[in-house]
Amino acid sequence: MCVVCRNRFEQQKLLRLQCVEQSLVLFTGTKRSFYICPDCLKEDIKKLDKQLARACRGRVNNLQEFILRSNSIC
């Protein structure tokens, strides 16, 4: 399930992320993680920032940078 839009997708279609010291990174295999669909990464940045703050338990420092990098991943 995408943490932003709350829609269900197949795992292969979602991007699995985690927060490390208030920065978004791809899932490393340990600790908590969450999923975001590619459509939500391209949507409204304010909504994305609010939901990621909830998932990361605080503000995300590198959101703009991560969105630019993720366009090449997706």
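With n ≥ 4 as the cut-off for DSSP H runs, can you work out [θ] at 222 nm for the chain, using -39500 (n - 2.57) per run divided by the number of residues, rounded to the nearest 500? Numbers along the way, then the final one.
Working: 3 runs with 26 residues, N = 74.
Rounded to the nearest 500, the figure is -10000 deg cm²/dmol.
With every protein chain left in place, what is the accessible area per residue of the chain in square angstrom, probe 1.4 Å? Walk me through the intermediate numbers first.
Numbers: 5190 Å² over 74 residues.
Accessible area per residue: 70 Å².
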Rounded, prolate or oblate: which fits the chain when a ≥ b ≥ c are the square roots of the eigenvalues of the alpha-carbon gyration tensor, with rounded for a/c under 1.5 and prolate only if a/b beats b/c?
rounded
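Per the 1.4 Å probe, what fraction of the accessible area of the chain, in percent, lies on carbon and sulfur atoms? Intermediate results must be reported in sequence, preceding the final value.
Values: 2420 of 5190 Å².
Here carbon and sulfur together make up 47 percent of the probe-accessible area.
If DNA, RNA and ligands are ignored and the probe is 1.4 Å, what is the ranking of F9, F34, F27 by accessible area, most exposed first? The partial results should precede the final answer.
Values: F9 85, F34 15, F27 60 Å².
Of F9, F34, F27, the descending order of accessible area is F9, F27, F34.
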Below 17 Å, Cα to Cα, which lysines can K42 reach? Residues fewer than 8 away in the same chain don't count.
K13, K50
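The values are calculated or read from the model by the stated rules, or taken from the named source; none is laboratory data. It should be emphasised that the depicted structure is a prediction, and the values quoted were computed from it without experimental measurement. Accessible surface areas use protein heavy atoms only, side chains included; no ligands, DNA or RNA. Shrake-Rupley method; radii C 1.70, N 1.55, O 1.52, S 1.80 Å.
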